[in-house]
């Protein structure tokens with residue numbers, strides 16, 4: 001079975017939560033409460049996404065994190081790559097120096113690159129907006145967020 005890492009999976013959860021309320025700033029604490037993830041994990045992911053310019057961070061009393069772009073303009077590939085690096089099943093990644101010790105000798109390189117490209121294209125083809133639909137009503141939103149929904 002091929003799986004995303006737990007952090008990449010959690011990253012998609014965090015960004016989906018941010019997409020549901022993309023016009024607001026969110027603290028790590030709010031996102032943790034809303035997603036059920038640990039605050040330490042959420043804080044780490046929010047920093048990764050801010051570093052990759054998927055999120056903007058704002059300091060101060062009304063600060064927090066907010067999407068830098070519309071959910072339709074962010075892909076699952078960008079989210080996963082912010083957490084994991086290049087999307088690939090093998091270390092045979094085009095233009096990724098030093099990723100494979102036997103790269104020059106490997107007869108499979110062309111085939112793996114084709115598979116890696118198809119996988120990356122699949123992740124690129126799904127937007128954050130698509131991942132965020134439909135917005136579940138039973139998602140663990142905080143009391144303040146639930147009141148704002150009314």
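The values are calculated or read from the model by the stated rules, or taken from the named source; none is laboratory data. Just so we're clear, the structure is a prediction, and the values are computed from it rather than from any experiment. Note: ideal-geometry Cβ built from the backbone for every residue, glycine included; neighbour counts use all protein chains shown.
The figures follow:
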{"read-out": "Filter pass, residue 13 being under 30 Å from residue 90 (Cβ atoms) and in contact (Cβ under 8 Å) with a residue 24 or more places away in the chain", "value": "yes"}
{"read-out": "In segment 54-83, the residues that are within 15 Å of residue 17 (Cα to Cα) and outside any strand (DSSP E or B)", "value": "54, 68, 69, 70, 71, 72, 74, 76, 79"}
{"read-out": "Top-ranked residue of segment 37-61 - restricted to ones that are modelled with pLDDT under 95 and out of contact with any helix residue (DSSP H, G or I) (no Cβ under 8 Å at 6 or more places or on another chain), ranked as surrounded by the most Cβ atoms within 10 Å (Cβ to Cβ)", "value": "58"}
{"read-out": "Scan of segment 1-14 for residues that are closer than 18 Å to residue 122 by Cα and touching a helix residue (DSSP H, G or I) at 6+ places or on another chain (Cβ under 7 Å), ordered by number", "value": "4, 5, 8, 11, 12"}
{"read-out": "Some residue of segment 113-120 being loosely packed, with under 14 Cβ neighbours inside 10 Å, within 22 Å of residue 131 (Cβ to Cβ) and either modelled with pLDDT under 95 or under 17 Å from the mean Cα position of the chain (by Cα) (or both)", "value": "yes"}
{"read-out": "Residue that is under 22 Å from residue 126 (Cβ atoms), over 11 Å from the mean Cα position of the chain (by Cα), modelled with pLDDT of 95 or more and crowded, with 21+ Cβ neighbours inside 10 Å, where the choices are 76, 31", "value": "31"}
